[in-house]
Amino acid sequence: MASLVLSAMGLHPRQSLVKVSNNKSVRNKKEGWYLRKTFFDSKRDRTRDHLMISNVASHQSPASVPERESCADHRNHAAWTSVKQERWEGELVVEGEIPSWLNGTYLRNGPGVWHIGEFNFRHLFDGYAMLVKVHFEKNGRLIAGHRQIETEAYKAAKKNKKLCYREFSVSPKPDNFLAYVGELAKLFSGASLTDNANNGIYKLGDGRIICLTETQKGSVIVDSDTLDTLGKFEYSDPLGGFIQSSHPIVTDDEFLTLLPDLLNPGYLVVRMEPGTNERKVIGRVNCRGGSAPGWVHSFTMTEHYVVVPEMPLRYSLQSLLKAEPSALYQFEWRPERKAFLHVVCKASGKIAASVEVPLYMVFHFINAYEEKDKDGRVTAVIADCCEHNADTTIIETLSLKNLRSFHGQDVLPDARVGRFTIPFDGSQFGKLETVMDPEEHGRGVDMCSINPAYLGKKYRYAYAIGAKRPCNFPNSLTKLDLVKQKAKNWCEEGIVPSEPLFVARPGATEEDDGVVISMISEKNGGAYVVLLDGSTFEEIARARFPFGLPYGFHGCWVPEN
Ligand SMILES: CC1=C(/C=C/C(C)=C\C=C\C(C)=C\C=C\C=C(C)\C=C\C=O)C(C)(C)CCC1
Ligand SMILES: [Fe+2]
């Protein structure tokens with residue numbers, strides 16, 4: 001009975017509410033209760049790691065989650081370990097003070113499950129999508145939860161107990177030659193590619209919440225409260241193709257994205273209005289560097305221009321066709337084909353500038369803005385990014401084998417805040433410079449966010465994951481002051497933080513007036529959500545989940561009402 005009551009409260013039965021003062025207890029300010037932190041207190045608990053893809057747990061607290069076979073390696077950091085059950089919801093106890101204006105839901109997308117039965121995925125990017133939510137109620141309470149996204153790829157793997165679609169690093173093995181021929185046909189139509197929407201998450205101008213990956217069919221609508229998968233986002237236009245940027249640029253007024261064209265190498269720049277599913281073409285950029293477009297995980301824009309990257313890391317049709325992944329999975333590094341940035345005018349669709357730039361390797365662009373002369377004419381576009389020193393090593397660093405074998409070696413490749421200058425004077429070349437000494441952020445930087453009010457405009461601050469060396473993955477949060485060229489860092493021993501998401505205080509006039517939210521996975525198997533002050537970059541609150549949560553990619557903020 002007691003355990004049922006605790007379950008209903010979202011508490012584990014071993015997590016007891018006690019009115020005592022104890023250094024292992026955390027005060028729940030609101031209720032005047034203390035929550036004794038007994039999660040994972042015993043070694044036995046830490047070693048329980050359940051296979052979850054074989055079963056669907058209904059709306060449950062951890063207490064009512066059925067025990068399942070042990071599968072994953074319990075010595076793994078929570079960040080690289082599949083989540084223990086398919087879904088959970090409960091209330092979290094807050095340590096610290098949540099600002100009273102913070103009212104809404106933080107959603108995070110990312111991999112949740114990296115295995116199907118005994119079959120283990122190889123890469124961080126492969127994991128089946130899981131959503132995490134933290135709902136900040138007006139009364140200061142936090143209601144949290146997580147849930148797998150019910151994509152075709154995930155459901156098929158569960159039903160058939162085998163890989164059925166091509167994920168980032170793994171492809172289903174055809175049983176025989178006929179099946180192989182069938183697979184090839186499916187590949188050309190895009191049917192064999194995954195719809196595992198494990199990457200981006202956005203609130204569209206019309207209120208719908210969309211989860212995305214690089215495949216167009218991996219666009220999925222979810223419910224921000226229940227985390228239900230509501231269905232595929234079906235594009236109603238005839239644009240075709242099967243790949244898209246994982247990161248559209250979404251505002252209340254529009255959804256802009258890039259569609260790489262693998263057959264006639266180039267990119268379509270498209271725009272979709274809120275309330276519609278129809279993308280309209282703004283313009284097209286033809287690749288300057290040969291027979292395949294570069295990978296466009298993300299891109300950036302200014303107030304009037306879209307910046308289209310053409311990276312030397314290009315799609316490899318050959319690798320896409322092969323069942324066995326090559327060294328760079330579906331990509332190949334082609335430095336001889338050079339690197340470019342193209343600038344497309346949002347109003348006319350015309351190419352305003354197209355320049356060759358030094359080689360670069362970028363997953364995430366940060367922001368861009370226009371530089372103007374005294375008469376208000378645009379003289380250049382500035383585009384900032386998290387740049388991996390034109391080195392693709394980071395992709396292999398993010399394989400699960402590497403992430404799970406950290407023994408104190410400093411193996412995270414260096415990264416920097418890169419700034420491109422794209423002149424508007426007809427020059428053939430653009431510049432790529434380092435904004436600040438990379439030591440400021442431990443030579444690690446990625447998964448960035450800014451104050452959304454500064455999108456496309458001159459800005460000063462960005463928030464990202466950084467590094468405290470030695471490490472094999474970014475293990476700190478960093479606030480980058482791009483004007484002073486300084487960083488403030490926040491870190492705790494053994495943590496893996498996900499993208500720090502900046503949420504502005506309503507009515508704020510300073511760019512950094514707000515909070516930064518990040519989900520933290522711990523090496524002892526725990527997880528918590530942390531809130532930092534956007535200005536001082538000091539911790540203001542945290543709330544612990546009752547079990548570990550894997551690393552996640554990106555978040556979004558859904559304000560109440
Ligand atoms: C790329 C293609 C596919 C899938 C891509 C997927 C599922 C995810 C990509 C995620 C990325 C690029 C995440 C980047 C994270 C970077 C980090 C954490 C950097 C840290 C550095 O210090 C498909 C869908 C399989 C199709 C083909 C192409
Ligand atoms: Fe991303």
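The values are calculated or read from the model by the stated rules, or taken from the named source; none is laboratory data. What you see is a predicted model, and the numbers here were worked out from it, not measured in a lab. Quick reminder, even Gly has a Cβ in these numbers, built from the backbone with ideal geometry, and neighbours come from all protein chains shown. Calculation scope for accessible area: heavy atoms of the full protein, side chains included, ligands and nucleic acids excluded. Shrake-Rupley method; radii C 1.70, N 1.55, O 1.52, S 1.80 Å.
Among the listed residues Glu396, Glu370, Glu356, Glu324, which satisfies the condition of being of a type outside the set (Phe, Trp, Tyr), surrounded by fewer than 18 Cβ atoms within 10 Å (Cβ to Cβ) and either in a strand (DSSP E or B) or within 16 Å of ligand 2 (Cβ to nearest atom) (or both)?
Details: Glu396 fails: either in a strand (DSSP E or B) or within 16 Å of ligand 2 (Cβ to nearest atom) (or both); Glu370 fails: surrounded by fewer than 18 Cβ atoms within 10 Å (Cβ to Cβ); Glu324 fails: either in a strand (DSSP E or B) or within 16 Å of ligand 2 (Cβ to nearest atom) (or both).
None of the other options fit; the residue is Glu356.
Any idea which residue in region 173-208 is farthest from ligand 1 (Cβ to nearest atom), counting only those that are within 15 Å of Thr151 (Cβ to Cβ) and touching a residue at least 60 places away in the same chain (Cβ under 8 Å)?
Filtering first and then ranking leaves Ile201.
Examine region 92-113 for a residue that is open to solvent by less than 10 Å² (accessible area, probe 1.4 Å), closer than 20 Å to Ser498 by Cα, polar (S, T, N, Q) and in contact with a Gly (Cβ under 9 Å, 6 or more places away or on another chain), and state whether such a residue exists.
Residues of region 92-113 that are open to solvent by less than 10 Å² (accessible area, probe 1.4 Å), as a first pass: 92, 102, 104, 106-113.
Adding the requirement that they be closer than 20 Å to Ser498 by Cα leaves 92, 102, 104, 106-113.
Then keep just the ones that are polar (S, T, N, Q); that gives 109.
Those left that are additionally in contact with a Gly (Cβ under 9 Å, 6 or more places away or on another chain): 109.
The answer is yes; a qualifying residue exists.
Is there a residue in region 418-438 that is out of contact with any strand residue (DSSP E or B) (no Cβ under 8 Å at 6 or more places or on another chain), open to solvent by 40 Å² or more (accessible area, probe 1.4 Å) and under 21 Å from Thr478 (Cβ atoms)?
So far as region 418-438 goes, yes, one or more of its residues are out of contact with any strand residue (DSSP E or B) (no Cβ under 8 Å at 6 or more places or on another chain), open to solvent by 40 Å² or more (accessible area, probe 1.4 Å) and under 21 Å from Thr478 (Cβ atoms).
Do you know which residues across region 101-135 are aromatic (Phe, Trp, Tyr), within 27 Å of Ala508 (Cα to Cα) and in contact with a Pro (Cβ under 9 Å, 6 or more places away or on another chain)? Talk me through it step by step, then tell me what you get.
First pass over region 101-135, keeping only residues aromatic (Phe, Trp, Tyr): 101, 106, 114, 119, 121, 125, 128.
Remaining after also requiring within 27 Å of Ala508 (Cα to Cα): 101, 106.
Correct list: Trp101 only.
Please find, within region 286-303, the residue that is nearest to ligand 1 (Cβ to nearest atom) out of those that are among the polar types (S, T, N, Q) and part of a loop (DSSP other than H, G, I, E, B).
Ranking the qualifying residues of region 286-303, first place goes to Ser298.
For Leu227, indicate whether it is open to solvent by less than 30 Å² (accessible area, probe 1.4 Å), away from ligand 2 (no atom under 16 Å from the Cβ), within 30 Å of Glu371 (Cβ to Cβ) and within 20 Å of the chain's Cα centre (by Cα).
no
Select from region 114-148 the residues that are among the charged types (D, E, K, R) and open to solvent by 40 Å² or more (accessible area, probe 1.4 Å) and write down the one among them that is farthest from Pro99 (Cα to Cα). Before you say what the answer is, go through the steps one by one.
Residues of region 114-148 among the charged types (D, E, K, R): 118, 122, 126, 133, 137-138, 141, 147.
Now narrow it down to the ones that are open to solvent by 40 Å² or more (accessible area, probe 1.4 Å): 118, 122, 137-138, 141.
Working: Glu118: 45, Arg122: 40, Glu137: 11, Lys138: 10, Arg141: 11 Å.
Per the criteria, the residue is Glu118.
Is it the case that region 551-561 has a residue that's at pLDDT below 95 and under 24 Å from Thr251 (Cα atoms)?
Of the residues in region 551-561, the ones at pLDDT below 95 are 561.
Still in the running and under 24 Å from Thr251 (Cα atoms): 561.
Yes, the conditions are met somewhere in region 551-561.
Got a number for residues in region 500-515 being free of Cβ contacts under 8 Å to residues at least 60 places away in the same chain and within 27 Å of His146 (Cβ to Cβ)? Give the derivation first.
Within region 500-515, the first condition is being free of Cβ contacts under 8 Å to residues at least 60 places away in the same chain, and the residues that meet it are 500, 502, 504, 507-510, 513.
Filter once more, keeping what is within 27 Å of His146 (Cβ to Cβ): 500, 502, 504.
Within region 500-515, residues that are free of Cβ contacts under 8 Å to residues at least 60 places away in the same chain and within 27 Å of His146 (Cβ to Cβ) number 3.
Any residue in region 402-414 that is free of Cβ contacts under 8 Å to residues at least 40 places away in the same chain and open to solvent by 60 Å² or more (accessible area, probe 1.4 Å) sitting within a Cβ distance under 8 Å of a residue that is of a type outside the set (Val, Ile, Thr) and not in a loop (DSSP other than H, G, I, E, B)? List the pairs, counting only those 6 or more apart or interchain.
Asp414/Pro438
Between Lys458, Lys488, which is basic (Lys, Arg), surrounded by fewer than 21 Cβ atoms within 10 Å (Cβ to Cβ), more than 16 Å from ligand 1 (Cβ to nearest atom) and under 30 Å from Arg288 (Cα atoms)?
Working: Lys488 fails: under 30 Å from Arg288 (Cα atoms).
After applying the criteria, what remains is Lys458.
Could you list, in sequence order, the residues of region 180-213 that are within 16 Å of ligand 2 (Cβ to nearest atom) and either out of contact with any strand residue (DSSP E or B) (no Cβ under 7 Å at 6 or more places or on another chain) or open to solvent by 30 Å² or more (accessible area, probe 1.4 Å) (or both)? Please lay out each step first, then the result.
Initial filter on region 180-213 (within 16 Å of ligand 2 (Cβ to nearest atom)): 194, 196-202, 210-213.
Answer for region 180-213, where residues must be within 16 Å of ligand 2 (Cβ to nearest atom) and either out of contact with any strand residue (DSSP E or B) (no Cβ under 7 Å at 6 or more places or on another chain) or open to solvent by 30 Å² or more (accessible area, probe 1.4 Å) (or both): Tyr202, Thr213.
Restricting to region 518-560, give me the number of residues that are aliphatic (A, V, I, L, M) and open to solvent by 10 Å² or more (accessible area, probe 1.4 Å).
2
Which pairs do you get when a residue that is within 18 Å of Ala390 (Cα to Cα) and touching a residue at least 12 places away in the same chain (Cβ under 8 Å), found in region 314-332, comes within reach of a residue that is of a type in the set (Lys, Arg) and assigned to a helix (DSSP H, G or I), reach meaning Cβ atoms under 8 angstrom, with the pair 6+ apart or on two chains?
Every condition considered, the pairs that remain are Arg314/Arg337.
Farther than 24 Å from Pro438 by Cα, in contact (Cβ under 8 Å) with a residue 12 or more places away in the chain and more than 16 Å from ligand 1 (Cβ to nearest atom): is that true of Gly349 in this structure? If you could, list the steps in order and put the result at the bottom.
Details: farther than 24 Å from Pro438 by Cα: yes; in contact (Cβ under 8 Å) with a residue 12 or more places away in the chain: yes; more than 16 Å from ligand 1 (Cβ to nearest atom): yes.
Yes.
If Leu317 satisfies every condition in (1) open to solvent by less than 60 Å² (accessible area, probe 1.4 Å); (2) modelled with pLDDT under 95; (3) among the hydrophobic types (A, V, I, L, M, F, W, C) but one, which is the exception?
(1)
Restricting the search to region 109-135, which residues are among the polar types (S, T, N, Q) and closer than 14 Å to Lys162 by Cβ?
Going through region 109-135, the residues among the polar types (S, T, N, Q) turn out to be 109, 120.
Listed by number, the list holds a single entry, Asn120.
Is there any pair linking a residue in region 424-447 that is small (Gly, Ala, Ser) to one that is assigned to a helix (DSSP H, G or I) and surrounded by 20 or more Cβ atoms within 10 Å (Cβ to Cβ), with Cβ under 9 Å and at least six apart or on different chains, and which?
Correct list of pairs: Gly444/Pro438.
Evaluate the following for Val306: is it among the hydrophobic types (A, V, I, L, M, F, W, C), open to solvent by less than 10 Å² (accessible area, probe 1.4 Å) and part of a loop (DSSP other than H, G, I, E, B)? Please lay out each step first, then the result.
Details: among the hydrophobic types (A, V, I, L, M, F, W, C): yes; open to solvent by less than 10 Å² (accessible area, probe 1.4 Å): yes; part of a loop (DSSP other than H, G, I, E, B): no.
Criteria not met by Val306.
Spot the failing condition for Gln244; the list is (1) within 23 Å of Arg108 (Cα to Cα); (2) surrounded by 14 or more Cβ atoms within 10 Å (Cβ to Cβ); (3) in contact (Cβ under 8 Å) with a residue 40 or more places away in the chain, and only one is missed.
Checking Gln244 against (1) within 23 Å of Arg108 (Cα to Cα); (2) surrounded by 14 or more Cβ atoms within 10 Å (Cβ to Cβ); (3) in contact (Cβ under 8 Å) with a residue 40 or more places away in the chain, the one that fails is (3).
Would region 377-385 turn up any residue that is closer than 15 Å to Asp414 by Cβ and either in a strand (DSSP E or B) or open to solvent by less than 10 Å² (accessible area, probe 1.4 Å) (or both)?
Our first condition is that a residue be closer than 15 Å to Asp414 by Cβ; within region 377-385, this holds for 385.
Imposing the further condition that a residue be either in a strand (DSSP E or B) or open to solvent by less than 10 Å² (accessible area, probe 1.4 Å) (or both) reduces the set to 385.
Yes, region 377-385 contains at least one residue that is closer than 15 Å to Asp414 by Cβ and either in a strand (DSSP E or B) or open to solvent by less than 10 Å² (accessible area, probe 1.4 Å) (or both).
Need the failing condition index for Ile282 against (1) without any contact (Cβ under 8 Å) to a residue 60 or more places away in the chain; (2) hydrophobic (A, V, I, L, M, F, W, C); (3) within 18 Å of Val344 (Cα to Cα); (4) more than 16 Å from ligand 1 (Cβ to nearest atom), just the number.
(1)
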